[in-house]
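Let me begin by presenting the structure, written as structure tokens, before commenting on it.
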Amino acid sequence: MKTVVMTNLSDSARERRPKVTYDAPIASMDFEAFDSAGNCYEITACPDCLPWRAEVVLGLEDGRPLVREWHAAECPLFVDLLGGAEG
């Protein structure tokens, strides 16, 4: 599993303002629940999409706790995170 570091939105994501309402299609991404020192990450709601939510799940391969964030599929932050995960 690749750890994605959350950063500020890119200029291209900031320019897009798609419809991100409660009825928008959603998608998820899993994040490490703890950093390398064992500290938990702070979870804050996405400011750009109404259907955002988070849940704690166990990884299928190793049973580690993960944070699964759900965003509107067109959410600018989610699109940015997907771009970072592919690299």
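Some values worked out for this structure:
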item	result
Those residues of the range 72-87 which are closer than 12 Å to A27 by Cα and either in contact with a Lys or Arg (Cβ under 9 Å, 6 or more places away or on another chain) or surrounded by fewer than 14 Cβ atoms within 10 Å (Cβ to Cβ) (or both), in sequence order	A72, E74, V79
Members of the range 47-71 found to be under 18 Å from E32 (Cβ atoms) and open to solvent by less than 30 Å² (accessible area, probe 1.4 Å), listed by number	V57, G59, L66, V67, E69, H71
The range 24-39 residues that are more than 24 Å from A72 (Cα to Cα), paired with ones that are in a strand (DSSP E or B) and not basic (K, R) (beta carbon under 6 Å, 6 or more apart)	F34/C40
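The values are calculated or read from the model by the stated rules, or taken from the named source; none is laboratory data. These figures come from a predicted structure and were not determined experimentally. Cβ atoms come from the backbone with ideal geometry, glycine included; neighbour counts cover every protein chain shown. Remember, those area values only see protein heavy atoms, side chains included, never the ligands or the DNA or RNA. Shrake-Rupley method; radii C 1.70, N 1.55, O 1.52, S 1.80 Å.
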